[in-house]
Amino acid sequence: HKQKRVWAILVLILFGVVVLLGYTFLFDDSSHSVTIVEQMPPTSSRTATEWANFDALNELFETTNGLQWFNNDGWYDEEESSTFSSSSDTGNTICAWYGVACSAGIAAAEQLILPENNLTGDLEEISQHVLPMLTSLKILDLNLNDLTGNATVISSNLASDQLKLLERVDLRLTSLTGSISSEWCDKRSETNAYLLVDCTVECDCCNHGQFCECTDLSGSDGEPFVDSEGHDCEWYEEDPDRCNVIDDDEIYSAQNACCICSGGALQNPMPSTVPSFAPSSSPTLSAAPTSTAQYLAMQLEVLLELYESTNGP
């Protein structure tokens, strides 16, 4: 009997160990599964368009050194050290990220407004791989950022069918070179979309005359211009008709150097006394301007709305 009791006790102990190990295994597996679910966004909460916007904005953050932006609220999760937002709550969708405004009822960027926010990178790459995924985008404002690229390539990408809803683009005070493409000018003539670029960027369909300042050029010796008779640009300003009687034999004339005589060079306007305001965490078109360039863009929008509302055409 004693031997049977010993075996019974051993069996019970062994059974208890097996049960305990099985419970621990199941508990750990369950916990691990929960952790995975918490790290992955719920697939049922986003449409294909929302996923495309989500991925595009994360790529924008990565390619423009988002960690160094002046304001990257919502774009980066400091606790997870990741740009991958995992919550399905409305407050953590792209619509709550700084500079992003969404379409009604869908987490798709309709406005991307990030002026003067220390973005750095290749705008050609962004316009080719990132922006076309934002198919709901209407307003893009990236002025006063350290963005580089060829304006011809960039404007051609902006004129693509994927961005057919695009109405306004502000790329002033960046580092673009080249000229605006004919594809963009065709888009402007068809949709009245407008593109704001630096005055040094050649553009046949931009309002350089409205936004740029003309500066008189210096003479060939680097000194203020004077013609062969000793007249400077101020002398021509006193009577613009004098521009029409310039000696044809003069190689470098007031018609080359003086704005009043259709010469000179277009430049971005100098900063004015317009105050600079800090952008809000959720900027909109009515937000306070953060730079002179943005202020001018907002003034243009107001004037365009006035023109249309008063039957300007």
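Brief remarks on what is shown
- Taking the listed residues E110, E116, the one that is touching a Lys or Arg at 6+ places or on another chain (Cβ under 6 Å), open to solvent by 20 Å² or more (accessible area, probe 1.4 Å) and not in a helix (DSSP H, G or I) is E110, with no other qualifying.
- Within segment 210-233, being loosely packed, with under 12 Cβ neighbours inside 10 Å and either of a type in the set (D, E, K, R) or over 30 Å from A159 (Cα atoms) (or both) holds for S218, S220, D221, G222, E223, E229, G230.
- Search result, residues across segment 178-209 that are open to solvent by 60 Å² or more (accessible area, probe 1.4 Å), among the polar types (S, T, N, Q) and either in contact with a strand residue (DSSP E or B) (Cβ under 6 Å, 6 or more places away or on another chain) or in contact (Cβ under 8 Å) with a residue 60 or more places away in the chain (or both): T200
- Residues of segment 128-149 that turn out to be open to solvent by less than 20 Å² (accessible area, probe 1.4 Å) and more than 10 Å from the chain's Cα centre (by Cα), as a count: 4
- Counting only helices (runs of 4 or more DSSP H) that sit wholly inside segment 153-260, those with at least 2 residues that are more than 30 Å from A109 (Cβ to Cβ), modelled with pLDDT of 90 or more and hydrophobic (A, V, I, L, M, F, W, C) are 233-238.
The values are calculated or read from the model by the stated rules, or taken from the named source; none is laboratory data. On a predicted model such as this, the values are computed, not experimentally measured, just so you know. Positions of Cβ are backbone-derived with ideal geometry, glycine not excepted, and every protein chain shown enters the neighbour counts. With ligands, DNA and RNA removed, areas are computed over all heavy atoms of the protein, side chains included. Shrake-Rupley method; radii C 1.70, N 1.55, O 1.52, S 1.80 Å.
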